[in-house]
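Single-structure report; data block below.
The values are calculated or read from the model by the stated rules, or taken from the named source; none is laboratory data. Here the structure is a predicted model, which means the values were calculated and not measured. Neighbour counts run over all protein chains shown; Cβ positions are idealised from the backbone, glycine included. Just so you know, the surface numbers come from the protein's heavy atoms only, side chains and all, with ligands and any DNA or RNA stripped out. Shrake-Rupley method; radii C 1.70, N 1.55, O 1.52, S 1.80 Å.
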Amino acid sequence: MKKYDNRPVEIRINKGSGANAFIQHLHVKNVKIKNLAHLDQEIRFEVTRKDIPIIRASRKKYRLKVKIRYLQESRILQKNSWTALGLLFLICIPILFSRFIWDVKVEAETPELRVAVEKVIKENLDFDYPTLKGKVKSDFEIRQTIMEQLRDLSWVHIIKTGSSMTIVPQLAPITDNKDNKTKGKNHLVAAKSGVITHFEIASGERRVLPNTTVYKGDTLVSGVITVGDKSIVIGASGEVYADYWLETEFSIPRKVTYISASNREWVFDFKINNEKEQGKSFQKVDLPEWLSKFIEIKKTQKYTTVTEEITEERLESFILPLLHEKILKSLPPKTIIKKENILHVTFDDDKVKGKVLFLVNENIAKNYPIVQGD
């Protein structure tokens with residue numbers, strides 16, 4: 001690096017018989033001399049730092065006393081255009097890169113679910129890394145796209161941190177569907193009114209078409225098919241999905257305390273006492289038996305308690321997701337919410353009250369026994 005060090009250095013030599021010969025020798029060695037000045041007792045001139053070894057080697061030959069003064073301090077950032085340009089890039093590049101999403105991760109309960117969500121992201125959301133944040137679909141659109149493709153999900157958490165996005169799908173709880181199963185053959189009829197969107201049937205004959213409005217009690221799939229002049233009872237089974245509007249009221253305190261998950265991290269636990277573990281443990285390192293009695297290395301999910309005051313600006317980002325998840329938990333599995341509209345909201349001293357309209361897509365089919373004469 002010294003070979004290319006062009007910072008200026010002032011050289012002072014006493015006048016004498018060897019001074020001129022010394023300067024002439026430097027010219028022969030291709031040392032560039034600047035600001036040469038002949039004073040009463042000495043000669044001053046400037047060279048660059050890369051030429052210092054030549055000067056030190058030559059002064060012994062001419063028996064001169066040489067004084068060296070560095071005109072520019074040794075510093076990391078030099079006052080030149082390259083330094084200014086480097087600082088400009090140092091500031092602008094992180095700002096520019098922060099405008100992109102560089103990484104999308106999926107954290108799921110099972111590897112199969114993770115692969116299924118990654119497939120939906122690749123095929124339906126068109127994520128090409130890096131992606132400008134302004135071109136990334138909204139959290140609502142991402143959530144609805146995933147839940148429409150994977151009906152077993154009750155919710156999809158979307159966490160954005162800097163230039164990365166983490167998608168955490170949540171499976172719907174397993175419910176007992178025995179109440180909807182009866183012995184014998186059945187038709188499928190509408191349990192509630194709605195607009196048919198699609199069918200997932202294993203047997204039976206459709207009696208309505210998609211985009212058709214049906215009412216409670218209408219036959220959706222017949223368990224009797226006609227072959228020529230004969231009617232054959234095969235029974236209908238499957239699911240029929242329809243859209244319908246669901247209105248709900250809410251009343252929550254203006255100040256809400258909830259538990260928020262922080263980042264997962266590796267921790268070292270020294271088993272000094274029997275304190276209860278704080279946070280959920282995901283992964284542990286297998287240690288030798290003698291060492292595991294004293295120390296434990298594990299990856300945990302930490303949680304923090306947060307208290308927030310609900311404002312009008314927080315309605316869509318805070319209240320709607322809470323109501324969304326609450327409504328889904330009260331509905332059958334594979335149900336999704338396509339849209340939500342806030343009808344009205346009132347703020348009291350300590351309460352927030354209002355009404356929200358949800359567009360729900362749900363399996364509305366229920367079994368209806370086939371009786372003779374159908």
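Details
- Here the stretch 216-243 is the region considered, the condition is being among the hydrophobic types (A, V, I, L, M, F, W, C) and open to solvent by less than 70 Å² (accessible area, probe 1.4 Å), and the residue that is nearest to residue 358 (Cα to Cα) is 242.
- The lone exception for residue 304 - which of (1) modelled with pLDDT of 70 or more; (2) in contact with a strand residue (DSSP E or B) (Cβ under 6 Å, 6 or more places away or on another chain); (3) among the hydroxyl-bearing types (Ser, Thr, Tyr); (4) farther than 30 Å from residue 350 by Cα it fails: (4)
- Just so you know, in the stretch 130-145 the residues that are in a helix (DSSP H, G or I) and out of contact with any Lys or Arg (no Cβ under 7 Å at 6 or more places or on another chain) include one that is most open to solvent (accessible area, probe 1.4 Å), and it is 135.
- Scanning the stretch 87-129 for residues that are modelled with pLDDT under 80, farther than 13 Å from residue 167 by Cβ and open to solvent by less than 80 Å² (accessible area, probe 1.4 Å) turns up 94, 98.
- Residue within the stretch 308-316 that is part of a loop (DSSP other than H, G, I, E, B) and closer than 27 Å to residue 203 by Cα present: no
- Subset of the stretch 218-250 (residues that are of a type in the set (Gly, Ala, Ser) and either under 30 Å from residue 360 (Cβ atoms) or assigned to a strand (DSSP E or B) (or both)): 222, 223, 231, 235, 236, 237, 238, 242
- Leading residue by the ranking (modelled with the lowest pLDDT) among those in the stretch 274-301 that are open to solvent by less than 60 Å² (accessible area, probe 1.4 Å) and of a type in the set (D, E, K, R): 298
- Identity of the residue in the stretch 307-320, of a type outside the set (Gly, Ala, Ser) and open to solvent by 40 Å² or more (accessible area, probe 1.4 Å), that ends up farthest from residue 245 (Cα to Cα): 307
- Scanning the stretch 42-55 for residues that are assigned to a helix (DSSP H, G or I) and either among the small types (Gly, Ala, Ser) or buried (at least 16 other Cβ atoms within 10 Å of the Cβ) (or both) returns 49, 50, 51, 52, 55.
- Checked against the criteria, residue 13 does not count as buried (at least 16 other Cβ atoms within 10 Å of the Cβ), farther than 15 Å from residue 69 by Cα and in contact with a Leu (Cβ under 9 Å, 6 or more places away or on another chain).
- Residues of the stretch 200-213 that turn out to be without any contact (Cβ under 8 Å) to a residue 40 or more places away in the chain, within 41 Å of the chain's Cα centre (by Cα) and either closer than 12 Å to residue 365 by Cα or not in a loop (DSSP other than H, G, I, E, B) (or both), as a count: 3
- Criterion applied to 58, 17 was being in a loop (DSSP other than H, G, I, E, B) and of a type in the set (Ser, Thr, Tyr), and the one residue passing it is 17.
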